[in-house]
Every structure is written in structure tokens, then in C-alpha cells.
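Trainee: Just passing along the structure, written as C-alpha cells.
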Amino acid sequence: MKFFIDTANLDEIRAALDMGILDGVTTNPTLVARENREFEPLIREICELVPGPVSAEVTATDANGMVTQATELARIADNVVVKLPTIAEGLKALRRCRESGIAVNMTLVFQPVQALMVAKIGATFCSPFLGRLDDISQDGMAMLHDIRQIYDNYGFNTEILAASLRHPLHVAQAAMAGADIATIPFGVIQKLLNHPLTDIGLERFLTDWRKVSGKS
Ligand code: E4P
């Protein structure tokens, strides 16, 4: 499973790179707005830092506007993947982007048939939002299982990018469900290694070792 970081913050991206687990980055307008930076230079800097796909989202809501923005975003760097919303105009834009060779991440997917449609048109990534479904008492993980089954039934190449992940259990369950990629906020990445028994065990090993080394 590939790990992407869900952030536009350069320090968080550098820290995840240092951990050696980073395969790519996803941003969205909310995450970019938090950084208080100009959009294109920020995306360019992220693309230079990360040797993997970097998702950058359009803000137009009509197909022509989306394609214009997608073309501009794709020019920033070879590893830009353009994010389009999964609405009717987004599907039209996806088809045109595919024809121009622009890689696309279809975002805001909340039901399996949306995932089926974007795969039929040839999206590079499909982003089901698990946490936001859980927030309204629907089962985000069940949606992910359904999408995996549909893609496997028909041999679609679109990669499933599990998004809106809120805690380590989401990451583990997304991996068990067969998501190709998990995009994870930095705070959750930090929690992935936490287990009290690891800390207690290490402390015990070091205490015992101090006794032995004290003797010699
Ligand atoms: C990633 O591509 C999504 O934009 C992101 O995971 C959404 O997460 P949220 O629901 O926590 O905002």
C-alpha cells in the first residue's frame, strides 16, 4: 500500500519524507488555504520536494473551466495529478483531461457507483472519503470494500486512494480492504507507530541492559 500525506504544509511533508514512508501528497483548497501562500509556487515547491504524485485541485465547477485550470496545473510539474470533483461536469473534464494525457484524481467520492463511473472514463486515482461518511453515521469502510470488489470484478486500473482518514484504525482497515493508497494527515502518521507496550518493552530492555553494562 502506498502512503500519501494529506497536507500542503512543507514541514509536515519534509518530516514524512524523513520517515521514509512517503509515496505522494494530496492537497485540497482547504489545506492550501491554511498555508497562507500563493497556490502555484506552493504546489511547485511540494512537487520539487516529493518524488511522487502531488494532487492539486481545481476550483472551477464547469467542465471548460476545470480543463483550463487542469492544463495550467499540469504545466507546473510532471508529477502533478489534477483533482476534479465527482460531479457531471467533472466527468466531462475527466474525459478531456485523459485525452490530453493529464493524470486525474477524482475527489469527493461517497458511493460505489461514482467510483465505477470515474474508473470507466480512466481516472488515475479515485478518492473515496471515508471519514466524512462516518461523520454522518454511514459506513465509509463498507464503501471502500464495495469499490474494491467492483474494480476487481472488471479489472479497472484506476487506483483506490482512501481519503478522509482520521485515525490509525482507518489506515489498517483501508489496507485490509485493499486500498491501493492511503492519504493520511500528518497527525495520524505520527500515531501509526504508537503502542504503549512498545514503549514499556523498550524501557524494560534498556533498564535490564543498564544493569548488565553496569556490572562489566
Ligand atoms: C484528500 O484528498 C481529501 O481532500 C482529504 O482526505 C479530506 O479529508 P477530510 O475529510 O478530513 O477533510
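Table: residues versus (1) in contact (Cβ under 8 Å) with a residue 60 or more places away in the chain; (2) surrounded by 14 or more Cβ atoms within 10 Å (Cβ to Cβ); (3) farther than 24 Å from residue 141 by Cβ.
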residue: 9; (1), (2), (3): yes, yes, yes
residue: 23; (1), (2), (3): yes, yes, no
residue: 33; (1), (2), (3): no, no, yes
residue: 36; (1), (2), (3): no, no, yes
residue: 46; (1), (2), (3): no, yes, yes
residue: 79; (1), (2), (3): no, yes, yes
residue: 83; (1), (2), (3): no, yes, no
residue: 102; (1), (2), (3): no, yes, yes
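Trainee: If you don't mind, another one. So, residue 175, is that one crowded, with 19+ Cβ neighbours inside 10 Å and either assigned to a helix (DSSP H, G or I) or within 16 Å of the ligand (Cβ to nearest atom) (or both) or not?
Mentor: no
Trainee: Within the stretch 149-177, can you find the residues that are touching an Asp or Glu at 6+ places or on another chain (Cβ under 8 Å) and more than 20 Å from residue 16 (Cβ to Cβ)?
Mentor: 160
Trainee: Run residue 29 past the list (1) more than 16 Å from residue 164 (Cβ to Cβ); (2) surrounded by fewer than 21 Cβ atoms within 10 Å (Cβ to Cβ); (3) out of contact with any helix residue (DSSP H, G or I) (no Cβ under 6 Å at 6 or more places or on another chain) and report the number of the one that doesn't hold.
Mentor: Condition (1) is where residue 29 drops out.
Trainee: So which residues in the stretch 6-41 are within 18 Å of residue 70 (Cβ to Cβ) and near the ligand (Cβ under 10 Å from one of its atoms)?
Mentor: If the condition is that a residue be within 18 Å of residue 70 (Cβ to Cβ) and near the ligand (Cβ under 10 Å from one of its atoms), then 25, 26, 27, 28, 29 are the ones that fit.
Residue-wise test of (1) assigned to a helix (DSSP H, G or I); (2) buried (at least 19 other Cβ atoms within 10 Å of the Cβ).
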site: 13; (1), (2): yes, yes
site: 18; (1), (2): yes, no
site: 51; (1), (2): no, no
site: 56; (1), (2): no, yes
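Trainee: Right, here's the next one. With the requirement that a residue be within 16 Å of the ligand (Cβ to nearest atom), out of contact with any Ser or Thr (no Cβ under 9 Å at 6 or more places or on another chain) and either of a type outside the set (Gly, Ala, Ser) or not in a loop (DSSP other than H, G, I, E, B) (or both), what does the stretch 136-164 give you?
Mentor: 136, 138, 139, 141, 143, 144, 147
Trainee: Sticking with this structure for a sec: For the list (1) assigned to a helix (DSSP H, G or I); (2) away from the ligand (no atom under 16 Å from the Cβ); (3) modelled with pLDDT of 95 or more, I need the number of the one condition that residue 212 fails.
Mentor: In the conditions (1) assigned to a helix (DSSP H, G or I); (2) away from the ligand (no atom under 16 Å from the Cβ); (3) modelled with pLDDT of 95 or more, residue 212 misses (3) alone.
Trainee: Right, next: Assess whether residue 74 counts as being outside any loop (DSSP other than H, G, I, E, B), crowded, with 18+ Cβ neighbours inside 10 Å, of a type outside the set (Phe, Trp, Tyr) and in contact with a strand residue (DSSP E or B) (Cβ under 8 Å, 6 or more places away or on another chain).
Mentor: yes
Trainee: Taking residue 155 as the residue in question, decide whether it is at pLDDT 95 or above and touching a helix residue (DSSP H, G or I) at 6+ places or on another chain (Cβ under 8 Å).
Mentor: Spelling it out, it is not the case that residue 155 is at pLDDT 95 or above and touching a helix residue (DSSP H, G or I) at 6+ places or on another chain (Cβ under 8 Å).
Trainee: Counting just the residues of the stretch 89-133 that are within 11 Å of the ligand (Cβ to nearest atom), outside any strand (DSSP E or B) and under 15 Å from residue 179 (Cβ atoms), which one comes out farthest from the chain's Cα centre (by Cα)?
Mentor: The residue in question is 133.
Trainee: Additional query: Only residues that are in contact with a His (Cβ under 9 Å, 6 or more places away or on another chain), within 17 Å of residue 147 (Cβ to Cβ) and touching a residue at least 40 places away in the same chain (Cβ under 8 Å): list them for the stretch 169-216, please.
Mentor: 182
The values are calculated or read from the model by the stated rules, or taken from the named source; none is laboratory data. Given the structure is predicted, the values throughout are model-derived calculations rather than measurements. In this analysis, Cβ positions are derived from the backbone assuming ideal geometry, glycine residues included, and neighbour counts consider all displayed protein chains.
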